[in-house]
Every structure is written in structure tokens, then in C-alpha cells.
Amino acid sequence: MYADTETIRRILADTGDTWAVVGLSNNRSRAAYGVAEVLQRFGKRVVPVHPKAERVHGEDGYASLADIPFPVDVVDVFVNSELAGAVADEAVAIGASAVWFQLGVSDEKAYERTRAAGLDMVMDRCPAIEIGSLD
């Protein structure tokens with residue numbers, strides 16, 4: 001229900017190429033770093049969102065989604081489940097088209113709110129894994 005194939009395909013192939021990655025920093029040992037690298041290889045623009053607002057993978061970083069001065073298509077969430085719902089709400093507020101909660105991140109109420117607002121959403125999946133299986 002939270003990760004059907006059609007929604008995954010739509011987000012990865014049709015939604016747009018600007019991905020805000022919440023939790024992305026220059027810490028190479030974190031999953032966000034490697035996933036962002038894979039997304040870039042597949043032609044996505046990766047925008048780091050982290051309190052440190054670090055430049056990562058050649059892209060300027062921002063402290064919050066609200067600080068990004070251009071449209072964002074997908075918000076990829078690497079924060080823990082307790083914080084993820086607030087990030088999903090911010091994604092709705094900035095006009096993103098989709099929200100993607102990474103492996104291990106889930107919040108059913110946030111899913112319901114986000115879908116009710118008209119956004120596509122996937123929970124507990126990894127786009128770096130899924131993107132490689134697109135035809």
C-alpha cells in the first residue's frame with residue numbers, strides 16, 4: 001500500500017528531476033550520501049537539506065525545505081520516523097509533487113495527510129534500489 005509499483009515508477013520517471021534530500025550532509029558513511037550519488041547518476045538534481053546547509057555532490061545545501069529558492073519535485077526523507085511527518089508537511093507546504101520516506105522511515109498519519117494533499121508518496125523504500133529496476 002505504501003510503495004506500489006505504479007507510484008514508485010511515477011515518482012522516479014515522471015515527477016521531475018529536482019530532489020531535496022532531507023538529512024544529506026558530507027558524511028560519507030551515511031546512507032543519504034550514497035543514495036544521493038546514485039540519484040545524480042540517473043540524472044536527478046540532488047539538493048541537500050540539513051541543519052549544516054553543507055554543499056554536497058556539487059549542490060548548495062539548505063537548512064530547511066522552506067529555504068530552497070526554487071521548485072522541488074520530490075522530497076526524499078532520511079530523518080527518523082518521529083521527525084518524518086513534519087518533513088512531509090513541509091513538502092506539502094513548499095508545493096512538492098511527491099514525498100519519499102527511506103528504508104526504515106514510516107508514519108501512517110503523515111502518509112494519509114500527504115496523499116490527501118494530492119502528493120504521491122512512498123514509505124520504507126530506497127529510490128537508489130528502485131531506480132535501477134526501471135525499464
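The values are calculated or read from the model by the stated rules, or taken from the named source; none is laboratory data. Model, not experiment: these values are computed from the prediction. Neighbour counts run over all protein chains shown; Cβ positions are idealised from the backbone, glycine included. Just so you know, the surface numbers come from the protein's heavy atoms only, side chains and all, with ligands and any DNA or RNA stripped out. Shrake-Rupley method; radii C 1.70, N 1.55, O 1.52, S 1.80 Å.
Which ³J(HN,Hα) values, rounded to whole Hz and listed in residue order, are derived for segment 2-13 from phi using the Karplus coefficients 6.51, -1.76 and 1.60 in 6.51 cos²θ - 1.76 cosθ + 1.60 with θ = phi - 60°, glycine and proline given as x?
Karplus-based 3J(HN,Hα) across segment 2-13 equals 8, 7, 6, 4, 4, 5, 4, 4, 4, 5, 6, 9 Hz.
Give the share of C-alpha pairs in each 10 angstrom bin for segment 1-47, from 0 to the last occupied bin, in whole percents, shortest bins first.
Going from the shortest bin to the longest, the percentages are 26, 47, 26, 1.
Only sites in a loop by DSSP and with at most 13 other Cβ atoms within 10 Å count here; which trypsin sites (Lys or Arg not before Pro) in segment 26-135 make the cut?
Within segment 26-135, the qualifying trypsin sites (Lys or Arg not before Pro) (loop, at most 13 other Cβ atoms within 10 Å) are R28, K52, R55.
Using a 1.4 Å probe on the protein chains only, how many percent of the accessible area of segment 74-135 belongs to carbon and sulfur?
Of all accessible area on segment 74-135, carbon and sulfur atoms account for 48 percent.
On the Cα set of the chain, report Rg and Dmax in Å, please.
13.1, 37
Quick one: with all protein chains in place, what share of the accessible area of segment 1-47 is carbon or sulfur, to the nearest percent (1.4 Å probe)?
The value for segment 1-47 is 45 percent carbon and sulfur by accessible area.
Assuming 0.36 nm per residue, please report the length gained on full extension of the stretch R115 to D4 beyond their Cα-Cα distance.
Residue separation times 0.36 nm, minus the Cα-Cα distance, leaves 38.6 nm.
Using the crude model of +1 on Lys and Arg Cβ and -1 on Asp and Glu Cβ, and no other charge, please compute the dipole size for segment 1-44 relative to its Cα centre, in debye to 20.
220 debye
Please report the orientation-averaged projected area of segment 51-128, defined via the convex hull of its C-alpha atoms, in nm².
Seen from a random direction, the Cα hull of segment 51-128 projects 5.1 nm² on average.
Please give the per residue accessible area of segment 33-83, computed with a probe of 1.4 Å over protein heavy atoms only, in Å².
49 Å²
What is the chain's relative contact order, in percent, from Cα pairs under 8 angstrom and six or more apart in sequence?
This gives 26 percent for the chain.
So which chymotrypsin sites (Phe, Trp or Tyr not before Pro) in segment 64-116 pass both tests, a DSSP loop state and at most 15 other Cβ atoms within 10 Å of the Cβ?
Hits after loop and neighbour filter: nothing returned.
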